[in-house]
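Engineer: If you scroll down you'll find the structure; I have some questions about it.
The values are calculated or read from the model by the stated rules, or taken from the named source; none is laboratory data. Model, not experiment: these values are computed from the prediction. Here the Cβ positions follow ideal geometry from the backbone for every residue, glycine too, while neighbour counts run over all protein chains shown.
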C-alpha cells in the first residue's frame with residue numbers, strides 16, 4: 001500500500017465508514033496501521049520519529065481522522081506541543097498536510113478562548129517560518145464539521161498543503177511535500193518552538 005493510496009482510501013471511504021460500527025472496520029485498520037506503516041517506511045528508522053493514526057476511540061468514529069508524525073523531543077501526542085499531521089475534511093474528498101499545534105491542551109488552558117489563542121500563536125509561528133511560506137502555502141484549512149476538536153484543528157494550523165484526490169496519485173510529490181513539512185517541523189524546534197511566539 002503506497003502512502004497516496006492509503007490517504008485516498010481514507011478521504012474517499014471515511015464518510016460512509018462512519019455510518020457503520022467502527023469495531024474491526026477495515027478502514028480503521030488503514031488509519032491506525034496501513035497509512036502509519038507506510039509513513040514509517042518513507043521516513044526510515046533513523047528519523048527517530050513516532051507515527052500514529054486515529055480514527056476515534058471505542059465505539060465512536062472521530063469527526064476528523066488523522067495520521068500524525070511526532071518528534072519525541074517536542075511531543076508524543078496530538079494533544080500538546082506541535083506536530084505534522086494529515087487531516088481529512090468531512091465535507092469533501094481532500095487531505096490537508098498541516099504543521100499544527102496541540103489542540104486539547106489549548107482547550108484545557110484557555111476554554112472558550114482556545115481557538116483565538118491558537119490562531120494568534122499560529123500567526124506568530126508562521127512569521128517564524130516565513131522561509132517555508134512558498135513551499136507550504138496554506139495558511140488556513142477547513143474541515144467542514146462542527147465541534148471543539150475540529151474547530152481547534154482548524155485554528156491550530158500553522159502552515160501546510162491541501163491535496164485533491166487526483167494529487168494523491170503523485171507519490172513523488174507526496175514524498176517531497178512530506179520532506180518539506182518535516183523540514184519546517186525541525187526548523188520550528190530549532191527556532192524555539194512555541195516559545196518563538198512572544199507571550
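Engineer: So which of 100, 114, 68, 106 ends up being surrounded by 20 or more Cβ atoms within 10 Å (Cβ to Cβ), within 12 Å of the chain's Cα centre (by Cα) and farther than 21 Å from residue 9 by Cβ?
Structural biologist: Numbers: 114 fails: within 12 Å of the chain's Cα centre (by Cα); 68 fails: farther than 21 Å from residue 9 by Cβ; 106 fails: within 12 Å of the chain's Cα centre (by Cα).
The unique qualifying residue is 100.
Engineer: Take residues that are touching a helix residue (DSSP H, G or I) at 6+ places or on another chain (Cβ under 7 Å) and at pLDDT 95 or above and tell me which of the helices (runs of 4 or more DSSP H) falling wholly in the range 85-199 contain 1 or more.
Structural biologist: Numbers: elements: 104-110, 114-128, 148-156, 171-190.
Result: 114-128, 148-156, 171-190.
Engineer: From the residues in the range 14-28 that are under 22 Å from residue 163 (Cβ atoms) and surrounded by fewer than 17 Cβ atoms within 10 Å (Cβ to Cβ), which one is farthest from the chain's Cα centre (by Cα)?
Structural biologist: Of the range 14-28, the ones under 22 Å from residue 163 (Cβ atoms) are 14-18, 27-28.
Filter once more, so that each one left must be surrounded by fewer than 17 Cβ atoms within 10 Å (Cβ to Cβ): 15-16.
Working: 15: 18, 16: 21 Å.
Ranking the qualifying residues of the range 14-28, first place goes to 16.
Engineer: Pick out the one residue from 80, 32 that is assigned to a loop (DSSP other than H, G, I, E, B) and more than 18 Å from residue 183 (Cα to Cα). Full working, then the answer.
Structural biologist: On the way: 32 fails: assigned to a loop (DSSP other than H, G, I, E, B).
Every option except 80 fails the conditions.
Engineer: Looking at the range 37-50 only, could you name the residues that are in a helix (DSSP H, G or I) and either out of contact with any helix residue (DSSP H, G or I) (no Cβ under 9 Å at 6 or more places or on another chain) or over 17 Å from residue 181 (Cβ atoms) (or both)?
Structural biologist: Initially, the range 37-50 is screened for residues in a helix (DSSP H, G or I), giving 37-43, 45-47.
Within the range 37-50, 37, 45, 46 meet the criteria.
Engineer: Can you tell me which condition residue 4 does not meet? The list is (1) in contact with a helix residue (DSSP H, G or I) (Cβ under 6 Å, 6 or more places away or on another chain); (2) surrounded by fewer than 19 Cβ atoms within 10 Å (Cβ to Cβ), and all the others hold.
Structural biologist: Going through (1) in contact with a helix residue (DSSP H, G or I) (Cβ under 6 Å, 6 or more places away or on another chain); (2) surrounded by fewer than 19 Cβ atoms within 10 Å (Cβ to Cβ) one by one, residue 4 breaks only (2).
Engineer: Report the residue count in the range 145-165 for those that are surrounded by fewer than 15 Cβ atoms within 10 Å (Cβ to Cβ) and closer than 21 Å to residue 9 by Cα.
Structural biologist: 1
Engineer: Can you find a residue in the range 14-22 that is closer than 29 Å to residue 189 by Cα and touching a helix residue (DSSP H, G or I) at 6+ places or on another chain (Cβ under 9 Å)?
Structural biologist: If we filter the range 14-22 for residues that are closer than 29 Å to residue 189 by Cα, which is where we start, we get none.
Within the range 14-22, none of the residues are closer than 29 Å to residue 189 by Cα and touching a helix residue (DSSP H, G or I) at 6+ places or on another chain (Cβ under 9 Å).
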